[in-house]
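The values are calculated or read from the model by the stated rules, or taken from the named source; none is laboratory data. The model shown is predicted, which means the values in this text are computed figures rather than measured ones. Because the Cβ atoms are built from the backbone with ideal geometry, glycine has one as well, and the counts that use them run over all protein chains shown.
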Amino acid sequence: MERVDRCVVLVDAGYLLGAAASLLAGEPARSRITVDHAALIQGLRERAEADTQQPLLRIYWFDGAPDRVPQPEHRRLRVMPRVTVRLGALTRSDGRWAQKGVDAAMHAELTELARNRACSDVVLVTGDGDLLPGLMSAKEHGVAVHLWAVQAADGDYNQSEDLVAEADERRVLDRAWITKAVRAKDLGGTCAPPPVPRPEIAAILSAPLPEAALAASAERASEAQAAAARSGAAAPADNASATSSDTHSAPGHKGVPTPKDLAALRAHATHPDRQHPPQPANATLRWSSDKGWVERGGPLGEPAETASLPTLAQVTSAEQRWADREEDITTVGGDPFEVGQVFARRWMERLPETVHLQKLATMYPRIPHRIDGELLRYAARFGLLAHKDDQIDEHDRYAIRAGFWREIDVRAAAEHVPAGE
C-alpha cells in the first residue's frame, strides 16, 4: 500500500487548553480562558501545513466530557471542515476533574493511521508520556512525527522527556501564537452580553440577597406598629399578615436571588411605601420563574394569566421540528446566552397572535413555568446541564434566561410592544 503524502494533527485538548490557561491566566483551569475555536483550528492547520510541507488530511480533537456528552465547544468543533472530535469520559474525583480514555483513543488513532499509511506526517499536540508506544509504532511504519509543545509558564518543559526525545521534530507554540485564539478571561466581566434595556446578568447576580427584602419588610412593619401604638390604634392586620407570610414562606437563599426576589426588591424600590398584599394560606411558591404565588387548585397548578400562553412544542410543526434539529446540530454553538436567544426567536416567530408576546412582555423578569421548563430542557440538549449532577447551574440558568429576554426585547421593540416592569 502506497503511503499518502499528507499530514494529520492529533490534539490533546486537555493539554493544549490547560497549558494555555497556565501560560495566560496562571492556573490550568480552562474556565479561566476564552477560546476562539475557529481561529484556533485555522492556526493549527496553517502551522501544520507549513511545518510538514504537506496538505492537511484532518485534525482530530481529543477531549473529555461528562458521560461523553458533547459540550458546546465540541458541537462547534465537530461541524468545522476537516475536524473530527473524539470524546473520552470526564469524571470527578476528590474535587478534581480527570479524563478517562482520551490517551487510549489517541494511541489507537495514531497507530491505525500509521498502519494504514493514511498520511506521511503526524503532528502530536500533547505532553503525555503514555503516547510513547504509539509514537514509536508510527515511526516504525515510516511516518514522521512532529511533537508540538505549548510554551510553559515557568519556562520549563510541560511534556514527557521521553516523548521529546523520540519525536522527529519538535516545535513550541509560544505566547504570541496562543494569544491569536486564546485569551484570559476578565474576572470582573459579565457572564453574558448585557441585554438592552434589561439589567446586565452581572447586576442580577450581584442583586441584594432575598433576606434584604425581608428585613426591609419587617422594618416597615415595625415602624407601622410603633406609629399605631403611639396613636392608640392597632397595626394594620394585612401588613402584619403579609410580614408573617413573607417571613415564613420565603425560599431558602442559594446564593442567587430568584425572579420573585428580584421582583419584590424592584417593587420596594419603586414604591417603598406600598405594603405587600397578604399571600393566600393555601398557596405555594414554585422553584422556577413563575410569577409570584399560585393556587394549588388551579388548572395544572398555573395562574390563569399564563395558562393561555402556548409552548414552543405546541406551535411547532413536524417540518419545523426537523429544521430546528438540523440547525441545532450544524449552527447553534450551545453557549447559554445563545441557547436562550434561539429558543425565544423560534417561539416568537411561530406565535399565532401578537397578544401572547404582549402578555409575556408584562411578566418580566419571570418566564411562565411551562415555557421556562421547556427552555431548560432545550438547553440540556447542548450538555449545559448534564455535568451538573442533574442540577441546573445557577449562572448557566440566568445566562439562558438573559438570552431569552434579550431576544424578546428586540422583537418587542420592533413591534412597539411595551415591556413590563
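Based on what the data block shows, is Leu351 over 23 Å from Leu384 (Cα atoms), in contact with a Lys or Arg (Cβ under 9 Å, 6 or more places away or on another chain) and not small (Gly, Ala, Ser)?
Taking the combined requirement at face value, the residue does not satisfy it.
Taking the numbered list (1) hydrophobic (A, V, I, L, M, F, W, C); (2) buried (at least 20 other Cβ atoms within 10 Å of the Cβ); (3) under 26 Å from Gln151 (Cβ atoms) in turn, Leu87 passes all entries but (3). Scanning the stretch 22-54 for residues that are under 17 Å from Val122 (Cβ atoms) and of a type in the set (S, T, N, Q), we see that the one that is surrounded by the fewest Cβ atoms within 10 Å (Cβ to Cβ) is Gln53. With the structure loaded, tell me whether Leu90 is hydrophobic (A, V, I, L, M, F, W, C) and modelled with pLDDT of 90 or more or whether it fails that test. Criteria not met by Leu90.
Against the numbered list (1) surrounded by 19 or more Cβ atoms within 10 Å (Cβ to Cβ); (2) more than 14 Å from Cys7 (Cα to Cα); (3) of a type outside the set (Phe, Trp, Tyr), Arg68 comes up short only at (1). Within the stretch 343-370, the set of residues being surrounded by fewer than 20 Cβ atoms within 10 Å (Cβ to Cβ), β-branched (Val, Ile, Thr) and either assigned to a helix (DSSP H, G or I) or in contact with a helix residue (DSSP H, G or I) (Cβ under 7 Å, 6 or more places away or on another chain) (or both) comprises Thr354, Val355.
Of all the residues in the stretch 78-115, those that are of a type in the set (A, V, I, L, M) and out of contact with any Leu (no Cβ under 9 Å at 6 or more places or on another chain) number 8.
Would you check if Ala50 is farther than 16 Å from Val182 by Cα and either part of a helix (DSSP H, G or I) or hydroxyl-bearing (Ser, Thr, Tyr) (or both)?
So Ala50 fits the description; yes.
Within the option set Leu113, Leu90, being of a type in the set (A, V, I, L, M, F, W, C), in contact (Cβ under 8 Å) with a residue 12 or more places away in the chain and either in contact with an Asp or Glu (Cβ under 7 Å, 6 or more places away or on another chain) or farther than 26 Å from Gly333 by Cβ (or both) holds for one residue only, Leu113.
Of the numbered criteria (1) in contact (Cβ under 8 Å) with a residue 24 or more places away in the chain; (2) more than 18 Å from the chain's Cα centre (by Cα), the one Glu46 fails is (1).
Filter the stretch 122-138 down to the residues that are crowded, with 18+ Cβ neighbours inside 10 Å and not small (Gly, Ala, Ser) and list them by number.
Listed by number, the residues that qualify are Val122, Val123, Leu124, Val125, Thr126, Asp128, Leu131, Leu135.
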